[in-house]
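Report on one structure; see the data block that follows.
The values are calculated or read from the model by the stated rules, or taken from the named source; none is laboratory data. Please read all numbers here as calculations on a predicted model, not as lab measurements. Here Cβ is always computed from backbone atoms with ideal geometry, including for glycine, and neighbour counts include all displayed protein chains. The area values use the complete protein model at the heavy-atom level, side chains included, leaving out ligands, DNA and RNA. Shrake-Rupley method; radii C 1.70, N 1.55, O 1.52, S 1.80 Å.
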Amino acid sequence: MIEQLKWDSDFFGLKIGKCCLNTQSEMDELFSERERLCTDYDLVYLFSENNLQGETECSHLVDQKVIYVTEPSASPTNDHITDYPTSEVSPALLSLALASGAYSRFRLDDKLPKGSYERLYRRWIELSVTHEIATEVFCYMVDGEPKGMVTLKRDGTDASIGLVATARQYRGKGIGLSMLQHVKNYCWEQNIKKLTVATQKQNLPACHMYEKAGFQVQSCTNIWHWWLQ
């Protein structure tokens, strides 16, 4: 019932698993196995598209993950937006990567080892600029520095947005929307049929931006962190 997550376990130095649940009885049954499971796991991510009730003392609803979807289309582009020019992560780009995770469950869960969120998003952007987990990294450049950033991964005729952020002093200027329009146009030119992006339901600015850009909600998944140690 629980899938062992080797990458997460190695990265965070914990024994981590993942479990997808459909009903309250499944969750209750899992919780009843706590004593047995605590020898194998420190932390289990629980995923459900239904509103289930977790154990208040040791499981915490840390995310409501919303998947948005749209069809790419010919959209306005902006001369400030270009491919990130190097495989080295600049301080400005790293700052944007960290800002993109402001609502991340890995930032909000203070039971994770100190610095986990920072290490995770640093690794994410490092693997993105080397194109190991991203096809493209687009940046909104001002005076040679990235002030906005979006990563994109292509998979056949589908594509998904990963990290999205705008520097604090440049927010409210439509840069995020411009970057999304740029991505939609790029995907349209590449004959990509479906573009998705995930965010947190609590991240209202991001949700409003995606909806303004023509994205629609595809699904919403509740995610708990169930700590067994």
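Quick notes
- Relative contact order computed over the range 1-100 (Cα-Cα under 8 Å; 6+ residues apart), in percent: 22 percent
- Rounded percent of accessible protein surface that carbon and sulfur make up, the chain, 1.4 Å probe: 46 percent
- Residues of the chain: accessible area per residue with a 1.4 Å probe, Å²: 52 Å²
- Here Glu3 and Asp83 are evaluated by their C-beta separation; at R0 = 30 Å the FRET efficiency comes out at 0.25.
- When each of Lys6/Lys147; Lys65/Lys111; Lys15/Lys153; Lys173/Lys201 is checked by Cα-Cα distance, pairs over 26 Å: Lys6/Lys147; Lys15/Lys153
- For a straight C-alpha distance cut-off of 17 angstrom, the aspartates and glutamates reachable from Lys184 (same-chain residues fewer than eight places away being disregarded) are Glu71, Asp79, Asp83, Glu136, Asp155, Asp158, Glu211.
- Label positions at Glu118 and Asp158, each projected 7 Å from the Cα along the C-beta direction, are separated by 3.5 nm.
- Modelled spin labels at Asn50 and Glu132, positioned 7 Å past Cα toward Cβ, are 3.9 nm from each other.
- Sum of side-chain charges, Asp10 neighbourhood, beta-carbon under 14 Å (Lys, Arg +1; Asp, Glu -1): +2
- Charge tally in the Cβ shell below 14 Å around Gly156, where Lys, Arg are +1 and Asp, Glu are -1, Gly156 excluded: +2
- Accessible area of Trp7 in the full protein assembly, 1.4 Å probe (Å², nearest 10): 130 Å²
- Note on the range 41-116: Cα-only Rg and Dmax are 18.3, 51 Å.
- Taking a straight line from the alpha carbon of Lys18, these aspartates and glutamates sit under 13 Å away, with near neighbours fewer than eight places off in the same chain left out: Glu3, Asp8, Asp40, Asp42.
- Cα pair distances exceeding 23 angstrom across the chain, given as percent: 52 percent
- With the simple model of a label 7 Å out from the Cα in the direction of the Cβ, Asn22 to Glu71 spans 3.1 nm.
- For the range 180-209 versus the range 7-59, the inter-centroid distance based on Cα atoms is 30 Å.
- For the chain: relative contact order, % (alpha-carbon pairs under 8 angstrom, 6 or more apart): 32 percent
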